[in-house]
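**Q** The structure that follows is given in the form of structure tokens.
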Amino acid sequence: MKRIAVITPPDARHGFALGGVRQRVAAPEALAPTLRELAADPVTGVVIIDERLTAGRARDDIAMLERRWPGLVVVLPAPERAALAEEDYVLRLIRRAIGYQVRLNP
């Protein structure tokens, strides 16, 4: 059975772990090695990344992992931006799942 792993900055150290999810704490510059380590673990099926860790080259590292790894990589919007990015995020997930751009109407 595959498991979920979450990578967060230090200020969110205990949030996901309290829910029983495997959580890793990393600084933005340590995201790439942490991603490689989790993707190499055959038990990991989903990696969730806090958006605050995706500065600079991290987006390229995430995109490369998505192309090469059969698991799912999800970037959670930063807590202060969650409401603004929610629809874009959902559309990206739907587009990835069905392979087609969709438009949601209220």
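The values are calculated or read from the model by the stated rules, or taken from the named source; none is laboratory data. Because the structure is a prediction, the values reported are computed rather than measured. Quick reminder, even Gly has a Cβ in these numbers, built from the backbone with ideal geometry, and neighbours come from all protein chains shown.
**Q** Among the residues of segment 49-63, are any surrounded by fewer than 12 Cβ atoms within 10 Å (Cβ to Cβ), modelled with pLDDT under 90, touching a helix residue (DSSP H, G or I) at 6+ places or on another chain (Cβ under 8 Å) and not acidic (Asp, Glu)?
**A** Yes: segment 49-63 contains one or more residues that are surrounded by fewer than 12 Cβ atoms within 10 Å (Cβ to Cβ), modelled with pLDDT under 90, touching a helix residue (DSSP H, G or I) at 6+ places or on another chain (Cβ under 8 Å) and not acidic (Asp, Glu).
**Q** Then there's this: So which of ARG68, ARG36, ARG13 is exposed (fewer than 15 other Cβ atoms within 10 Å of the Cβ), within 18 Å of ARG96 (Cβ to Cβ) and of a type in the set (Lys, Arg)?
**A** ARG68
**Q** Mind listing whichever residues of segment 1-33 are farther than 18 Å from THR44 by Cα and not in a loop (DSSP other than H, G, I, E, B)?
**A** Let us first name the residues in segment 1-33 that are farther than 18 Å from THR44 by Cα, namely 9-15, 18, 27-30.
Answer for segment 1-33, where residues must be farther than 18 Å from THR44 by Cα and not in a loop (DSSP other than H, G, I, E, B): PRO10, ASP11, ALA12, LEU18, PRO28, GLU29, ALA30.
**Q** Being over 16 Å from ALA17 (Cβ atoms) and of a type in the set (Val, Ile, Thr) is the filter here, so list the residues in segment 33-62 that pass it.
**A** Once the filter is applied, which keeps residues that are over 16 Å from ALA17 (Cβ atoms) and of a type in the set (Val, Ile, Thr), segment 33-62 yields VAL43, THR54, ILE62.
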